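The values are calculated or read from the model by the stated rules, or taken from the named source; none is laboratory data. Remember, it's a predicted structure, so these values are computed and weren't measured experimentally. As a convention, Cβ positions derive from the backbone with ideal geometry for all residues, glycine included, and neighbour counts pool all protein chains shown. Keep in mind that these areas ignore ligands, DNA and RNA; they rest on the heavy atoms of the full protein, side chains included. Shrake-Rupley method; radii C 1.70, N 1.55, O 1.52, S 1.80 Å.
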Amino acid sequence: MYAEYFPVFADLVHRLGLVALVSMAYGSIIRAFNLPWTRGLMVGFLFGGAAIISMLDPVIVDEGIIVDARSILLALSAPFGGVAAVLVSTALTILSRILIGGAGVHAGVVGIVIIGLISLIFTLVYRPQTYSWKHFLILGLTVPLYTLSVFILPFEQALPIFQRIALPMLTLSVAGIFLISMFLHRERLRVDRVKTLEVDAHTDPLTNLANRRLFDRVARRTFRKAASTGGDVFSLVMIDIDSFKSINDHWGHSNGDLVLVEISTIIRSLVRKSDLVARYGGEEIAILMPSATAVEAMAMAEAIRRRVNETFFDLGRTQAHVTVSAGVATFTAQHQSMTELIEEADVALYRAKRLGRNRIELAAMAA
């Protein structure tokens, strides 16, 4: 008695290949875009575009009445792209369905809206961190509710259509959403793990600043760009905690670590978003300042020196006064390498220490 369902179901399963390709493209998007709204927009365009492609090669149930794999794509847009994704994909799909036209256009638009709402509600109820196979099974069982939109048509026309598509769409929805969502979820977890490993590989574990490896890589790239253009200026600030050895010897290494962490926090709060702050080694901290002149770098270094000088650090049962010294060097056309610029900043730093500490010195070439 179910033989009439098989052609519709077989055609719809054939179109799941498109959904599988979307799953592969999704991984590329979440690797390339970090900002939630930007990523959401791109996921929305991906899922919406794929839904449109699916609608261009539909299963024709009746004159002007089509079914396709759009329900799977729209249903997964919010769980894997957020609000922006479901809004974009739903809008694109509605526009496409209107342009396709036919007797079922109104029912189709209502069905798309229903799927979008189900997707959005699902995301609001189940946060991404809690997704499991049970949640996607629930989504798969819920999405076929959109087929009720067919009853916008006259009842005598809608009922046979509903009877013909209800079971295939329920089966496809449960199987498709369950399988594809598991793949997407694994892909997102894999990308997150890779990003975590990348962050760990470039982060100092004590201060959470960039480590020497990342600093060297970015500094060399910045130098090459400035040297090739001849017009890009950037500055380097090398900061060292004064008498840090005596802090460790007097209050212990654990308290010395606390001082280093708090000074790192102060520096992060004062630098620009474009600046790279790195633990260069021991108690020495480097700040790479793109597009910063010597005057701007000196002002930044002085603001850091002043803030540290005004801060009292809690070390056990007492408070300690700690100071820093800094050397500033700025790129010029005469510099031959990044190593040369770093050495100049270091020379200026040690000059500041020789002259009494708690001060800032500018490298000779930048003066």
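Results, tabulated for the structure shown:
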read-out: R127 paired with S228, simple spin-label distance in nm, labels 7 Å along Cα-to-beta-carbon; value: 4.3 nm
read-out: Charge dipole (the chain, unit charges on Cβ, about Cα centre) - positive-most of Y131, V324, N211; value: V324
read-out: Listed peptides 73-85, 175-187, 97-109 by packing density, highest first (mean Cβ within 10 Å); value: 73-85, 175-187, 97-109
read-out: Degrees between helix 294-310 axis and first principal axis of the chain (Cα, 0 to 90, nearest 10); value: 80 degrees
read-out: Accessible surface of W133 - all protein chains present, 1.4 Å probe, nearest 10 Å²; value: 130 Å²
read-out: Solvent-accessible area per residue for the chain (1.4 angstrom probe, square angstrom); value: 49 Å²
read-out: Global form of the range 175-313, assessed from the alpha-carbon gyration tensor, a/c cut-off 1.5; value: oblate
read-out: Long-range HN-HN contacts of Y280 with modeled amide H, under 5 Å; value: I285, A286
read-out: 0 to 90° range, to nearest 10: angle between helix 212-229 axis and the chain longest Cα axis; value: 90 degrees
read-out: Integer Hz, Karplus 6.51/-1.76/1.60 couplings in order for the range 94-102, x for Gly and Pro; value: 4, 4, 5, 5, 5, 5, 5, x, x
read-out: Over the range 90-208, relative contact order from alpha-carbon pairs under 8 Å, at least 6 apart, %; value: 24 percent
read-out: Computed E for Q157/W37 - FRET, C-beta separation, R0 51 angstrom, nearest 0.05; value: 0.75
read-out: Using a Förster distance of 51 Å, the FRET efficiency for E198-H106 (Cβ separation, nearest 0.05); value: 0.55
read-out: Leading residue at positive end of dipole, the chain (Cβ point charges), from F151, A303, I121; value: A303
read-out: Unit charges on C-beta of K, R, D, E only; dipole of the chain, Debye; value: 360 debye
read-out: For the chain, built as a Gaussian network whose Cα springs stay under 10 Å, the top-fluctuating residue of T229, T203, T332; value: T229
read-out: Fully extended contour minus Cα-Cα distance, from D57 to R272, at 0.36 nm per residue; value: 72.3 nm
read-out: About the Cα centre, charge dipole magnitude for the range 184-277 (Lys/Arg +1, Asp/Glu -1 at Cβ), debye; value: 700 debye
read-out: Helix-only CD estimate at 222 nm, as mean residue ellipticity for the chain, using -39500 (n - 2.57) per DSSP H run (n ≥ 4); value: -22000 deg cm²/dmol
read-out: Solvent-accessible surface ranking, highest first, for L362, L41 at 1.4 angstrom; value: L41, L362
read-out: Length released on extending from R213 to T318, taking residue separation times 0.36 nm less the Cα-Cα span; value: 34.2 nm
read-out: Largest to smallest principal axis extent of the C-alpha atoms in the chain, angstrom; value: 95, 52, 27
read-out: Sulfur and carbon atoms: percent of accessible area, the range 86-214 [1.4 Å]; value: 71 percent
read-out: Cross-link reach list, lysines versus K273, counting only Cα pairs under 26 Å and skipping chain neighbours closer than eight places; value: K195, K225
